[in-house]
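J.: Once you've had a glance at the structure underneath, I'll fire off some questions.
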Amino acid sequence: MRKDGRSANDPRNQLHTLFQAIEGIVWEADTSMLQFTFVSDHVQSILGFYADTWMQSPGFWEAHIHPDDRSVIADYRNLKNLASPGHSFEYRMIRADGNIVWIKDNVSLVQEGDRAPILRGIMLETTIVRRLSALEQLEEKLFRLNSDIHISLQELLLSYLTGLENLFPQMQCSIHRVKNDRLHNGISPSLPLAYMAALENVPDGENQGSCGAAAALKQQVIVSDIATDPKWVSYRQLAMGYGLQACWSNPVINTDGEVMATLGMYYREPKLPQQEELRVIERATTLLRIILENRQKTEMISETNLLMMQSQELAHFGNWRWDVQYNIVTWSPALYTIYGLNPQNFKATFEGYQELLHPEDRLRVYNTITNVLQTKNDAEFVEKIIRPNGEVRHLRSWAKLKVDEQGRPLEMIGACLDITERINTFAALEQQNQKLREIAWMQSHVIRSPLANIMGLVELLKDAFVNEHDVEKSKLLDHLLASAHDLDERIRTISEKASL
């Protein structure tokens, strides 16, 4: 006799025997879902429990529903008050081994004669489908977070690892960056911090744990039992001291064939991965490669842009872009500095740029830009601008036009070099040269004129007072006259050089 009093020959009992062949958990229970009168044997393969254990333990079903889905219990118990006989529920249950299983239960309220109404249903496992959907949502979330430059890479990776652990509650995940053939900057949402710290700077190697081996071999490493696997000989006591007994690791390899990181999955019991877990590991590894390479390139671009901006600031060099079709102008930060403007208060436009030009240059520069648009020839020109504080700056500028396949203007790009200091230096040099010319003039007219008088007087003295017998006086006057001529020649040479 069955627990519900039916004999072995009862047609309904034969029907229940047929239910055992259905690939799902066929069940029958009272409307309170406390006492089950039939549970098919498939419950063992799906949830890991024996059917007899379930039926002999009142409240067994309720006790094994995931805590976050317990609201479904009231929905079952309310079925007796609903007119519709058929209903469907989807929720999570906890397996005998602690893993989580998604269940879709199609339930009917059955009234047989004068007997109290009962509930019958078929529980189908939908774990793979639900995990796939949850994994897709997790990946979408990861890409959204990755697009936010304010979120650090560590926050991003921790969010992803936490999502993976929620899909596989018995799994504990980790990521180690690989630099100079060593593990660095390990992160994990659940592994002990002391354990992660102990793995810092571990060298790559075939017997350096699962992650060290995966990095060295550039291939997946599955260690189902840390206690016996030689890959863990150096770190066995460390891992087992924290209750870790299995570890699978995948290397994250970039497009250049270099190992960027390792993805590790730990378990607290010896365990080999199932096909679903292997697929998730491969998928996660591919995603991490995309994220890490993207962040790496983004960091390189940011560093390059920063260096370029710093170089532009140091060189007083800025660049601009003018979308001709939509009249949208974009300036680099250095260009705002050159113009003495605040990007928050000034909207760059072609018209606004013209207003900043010195009145003396406005028409000439306008014609130059117009000529570039018409001839499509590059231009190089000098212009003066006026800052908001009235200061005049001198720029050397370049302009180049980009066109579409039909030759129509698309955008103009250009650059400006602030040459004010150079202009000021040239002006100072010119002023200095002018002073030298004035000095030369003074030398030529103020000094050489008295010197010419002296030379004339020496000639008169020699002719009037020195005869052929005054040899010494004659030599003295000749020497004095020669020195005067030499001095005059030196002054003339200096004057000529100063006037160049």
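Only the coordinates and a few stated rules stand behind these numbers; no lab work does. Model, not experiment: these values are computed from the prediction. Reconstructed Cβ throughout: ideal geometry from the backbone, glycine too, with neighbour counts over all protein chains shown.
J.: Sequence neighbours fewer than 8 away in the same chain don't count; with that in mind, list the lysines whose C-alpha is under 28 Å from Lys475.
T.: List returned: Lys462.
J.: Could you give me the ³J(HN,Hα) list for region 372-377, computed from phi with Karplus coefficients 6.51, -1.76, 1.60 and θ = phi - 60°, whole Hz, x at Gly and Pro?
T.: After applying 6.51 cos²θ - 1.76 cosθ + 1.60, I find 4, 5, 7, 8, 6, 8 Hz.
J.: Given Cβ point charges of +1 (Lys, Arg) and -1 (Asp, Glu) and nothing else, what value in debye, to the nearest 20, does the dipole of region 11-125 about its Cα centre take? Intermediate values should be presented prior to the final figure.
T.: Numbers: 9 positive and 15 negative charges, 39 e Å.
Roughly 180 debye for region 11-125.
J.: How do Lys231, Lys297 line up, fewest other C-beta atoms within 10 Å first? List each step's numbers first, then the result.
T.: Working: Lys231 24, Lys297 10.
Going from least to most buried by this count: Lys297, Lys231.
J.: Another question, if that's okay. Determine ³J(HN,Hα), in whole Hz, for all residues of region 352-357 in sequence, where each value follows from phi through the Karplus function 6.51 cos²θ - 1.76 cosθ + 1.60 and θ = phi - 60°; x replaces Gly and Pro.
T.: Rounded to whole hertz, the list is x, 5, 4, 5, 7, 6.
J.: State, as an integer percentage, the relative contact order of region 132-300 based on alpha-carbon contacts under 8 Å between residues 6 or more apart.
T.: Details: 289 pairs, mean separation 30.3, N = 169.
Normalised by residue count, the contact order of region 132-300 is 18 percent.
J.: May I pose another question? At most 11 other Cβ atoms within 10 Å and a DSSP loop assignment: could you name the trypsin sites (Lys or Arg not before Pro) in region 102-179 that fit? List each step's numbers first, then the result.
T.: Working: sites: Lys104, Arg115, Arg120, Arg130, Arg131, Lys141, Arg144, Arg177, Lys179; in loops: Arg115.
Those that pass, being in a loop and sparsely packed, are Arg115.
J.: Considering amide H positions built from the backbone, and no H for Pro or chain starts, which residues 5 or more places from Ile328, or on another chain, come under 5 Å of its amide H?
T.: Hits under the 5 Å cutoff: Asp323.
J.: Over all directions, average the projected area of the Cα convex hull of region 71-219 and note it in nm².
T.: Working: hull surface 54.4 nm².
Projected over every direction and averaged, the Cα hull of region 71-219 covers 13.6 nm².
J.: Beyond 29 Å between alpha-carbons counts as too far, so tell me which of Lys297/Lys376; Lys104/Lys141; Lys141/Lys231; Lys141/Lys347 fall in that bin.
T.: Working: Lys297/Lys376 35 Å; Lys104/Lys141 26 Å; Lys141/Lys231 35 Å; Lys141/Lys347 35 Å.
Beyond 29 Å between Cα atoms: Lys297/Lys376; Lys141/Lys231; Lys141/Lys347.
J.: Can I ask one more? Out of all Cα-Cα pairs in region 11-125, roughly what percent, to the nearest whole number, are more than 21 Å apart? Mind showing how you got there, number by number?
T.: Values: 2062 of 6555 pairs.
Result: 31 percent of Cα pairs exceed 21 Å.
J.: In region 25-73, which chymotrypsin sites (Phe, Trp or Tyr not before Pro) are in a loop and have at most 16 other Cβ atoms within 10 Å, using DSSP for the loop call? The partial results should precede the final answer.
T.: Values: sites: Trp27, Phe36, Phe38, Phe49, Tyr50, Trp54, Phe60, Trp61; in loops: Phe49, Tyr50.
In loop regions of region 25-73 (DSSP not H, G, I, E or B), the sparsely surrounded chymotrypsin sites (Phe, Trp or Tyr not before Pro) are Tyr50.
J.: Given the alpha-carbon gyration tensor of region 132-300, what are the semi-axes of its equivalent ellipsoid in whole angstrom, ordered largest first, with each equal to the square root of 5 times an eigenvalue?
T.: Details: eigenvalues 117, 66, 41 Å².
Result for region 132-300: semi-axes of 24, 18, 14 Å.
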